[in-house]
Amino acid sequence: MPIGSSHPSPVRSSVESVFREEHGRLLASLVHRFGDLDLAEEVASEAVEAALVHWPAVGVPARPGAWLMTTARRKAIDRLRRDRTYAARLAVLRVEANRADPAPPADDDGDGGLPDDRLRMFFTCAHPALAAEARTALTLRCLAGLTTPEVARAFLVPTTTMAQRIARAKRKIREARIPFRVPGTDELPERLPGVLQVIYSIFTEGYAASSGARLQRLDLAREAIRLARILRRLMPAEREVAGLLGLMLLIHARREARTGPNGELVLLDDQDRARWDHTMIEEGSGLVVSSLTGGPPGPYGVQAAIAALHDEAADPATTDWPQIAALYDVLLRLVPSPVVALNRAVAVAMRDGPRAGLVLLDELADEPSLRRHHPYPAARADLLHRLGRLSEAAAAYREACDLAGTEPEREHLGRRLDAVLSSGPDDEGGA
């Protein structure tokens, strides 16, 4: 909900801070109580507007989240009292939903059931019946508290397009009677990966934007980490939740060193490691241990372990590439995919030399999902350059430039291409 600029700045900042922190909690509790996402969003917005009126006069309350919750509930009850037809329709929908899915509520943890309500909202927003883009958009809107224009900017689409997309997703939830609940124990292993994937998709767009003038969208990366922290508190026994949070922290710890003074891309080997967030690395490494202890490893735990090996190396020369390549072997067995195979090939090249890595990359040449994925030709170009096959390297760099989505990536690949072109004739005997 955008907060109008006509209100005094300090109060507006306080409300914005409280609303962003409490939004998922507030909305989830309202949906759980009243059974309608549109109603919940409307009264949550009205509660914030009320705060902007009352807080300047009486001060910010000691428990601002509770104040917003109480106000929003009162406004919802007032609206339902005024509109008996609407109230009756919601009541019927709730009865039908309970008949179709009489799952018992999750245990209350002593905080009014609010964390459990947020957990229900996670699984509602990430329900497999919704399209993948709708799941991510709803999570950003309902749990991260981003406004519709902010979500639209994240997806690089017009606000009207995103508003329609979110409206369709909410209509799908309503018409398909998608239950607002945490899946049962038998369903959780199947459903939890979808929730984690939504959060990781948000982070990935923040860590490496798909297009635009900037390499990173740090606002999205921070929101994904915040959502993962909430999920970690709600599901402390789930090792893959720990793995996802650890993975994102270990990657996000490098954020300040990933770009130069003018926003240019700085590769991992060239980064100033003193600029990495070592407190965040320590926290992420601890989560890696939690994610890999007590059972077979999961994909996020393995990826977090790989990230930890990069972060814990004092310099590029001491990076444990044999261990990283071995972990990619494990990851490829867990989630066989062309992208994992690509990353494994790069690790093998670092361990065994560029010729060994190029053999593996060439085996992936016919993978459809890699044809529009610029890291594939970029990786081939790097290995071809190291082997002295300069004309092939130049062609691969040109292909990567054409596919890259952001200006910093295109500029970086352009510089690599210039380096190849200035290297002289091919040397097939390169190491």
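The values are calculated or read from the model by the stated rules, or taken from the named source; none is laboratory data. Keep in mind that what you see is a predicted model, and the values were worked out from it rather than measured. Reconstructed Cβ throughout: ideal geometry from the backbone, glycine too, with neighbour counts over all protein chains shown. Please note that ligands, DNA and RNA were not included when accessible areas were found on the heavy atoms of the full protein model with its side chains. Shrake-Rupley method; radii C 1.70, N 1.55, O 1.52, S 1.80 Å.
Data table
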quantity: Where labels lie 7 Å past Cα in the beta-carbon direction, separation of Asn262 and Arg233 in nm; calculated: 4.3 nm
quantity: Loop sites in segment 303-375: trypsin sites (Lys or Arg not before Pro), DSSP, at most 11 other Cβ within 10 Å; calculated: Arg372
quantity: Simple spin-label estimate for His278 and Ala129 in nanometres, 7 Å along Cα-Cβ; calculated: 5.2 nm
quantity: Label-point gap, in nm, between Asp362 and Thr160 - each point 7 angstrom along Cα→Cβ; calculated: 5.3 nm
quantity: Three-way shape call for segment 349-406 based on the alpha-carbon gyration tensor, with the a/c threshold at 1.5; calculated: oblate
quantity: Å² per residue, accessible surface of segment 335-431 at 1.4 Å; calculated: 49 Å²
quantity: Amide proton proximity set for Val266, modelled H, under 5 Å, gap of 5+; calculated: Thr259, Gly260
quantity: Loop-located trypsin sites (Lys or Arg not before Pro) in segment 204-273, at most 13 other Cβ atoms within 10 Å (DSSP); calculated: Arg214
quantity: Extension gain, Glu312 back to Arg398 (0.36 nm per residue minus Cα-Cα distance, nm); calculated: 27.6 nm
quantity: Potential extension, Asp270-Asp320 segment - 0.36 nm per residue separation minus Cα distance; calculated: 16.3 nm
quantity: Segment 223-279: GluC sites (Glu not before Pro) in DSSP coil with no more than 16 other Cβ atoms inside 10 Å; calculated: Glu264
quantity: Difference of contour (0.36 nm per residue) and Cα-Cα distance, Lys172 to Val339; calculated: 57.0 nm
quantity: Solvent exposure of segment 134-293 as accessible area per residue, Å², 1.4 Å probe; calculated: 43 Å²
quantity: Heavy-atom accessible surface of segment 300-401: percent carbon and sulfur, 1.4 Å; calculated: 54 percent
quantity: 5 angstrom amide H check on Arg181, placed H, neighbours 5+ away; calculated: Thr124
quantity: ³J(HN,Hα) computed for each position of segment 261-269 - Karplus, 6.51 cos²θ - 1.76 cosθ + 1.60, integer Hz, glycine/proline x; calculated: x, 9, x, 6, 5, 10, 5, 3, 5
quantity: Segment 146-212-segment 372-397 distance, computed between alpha-carbon centres (Å); calculated: 35 Å
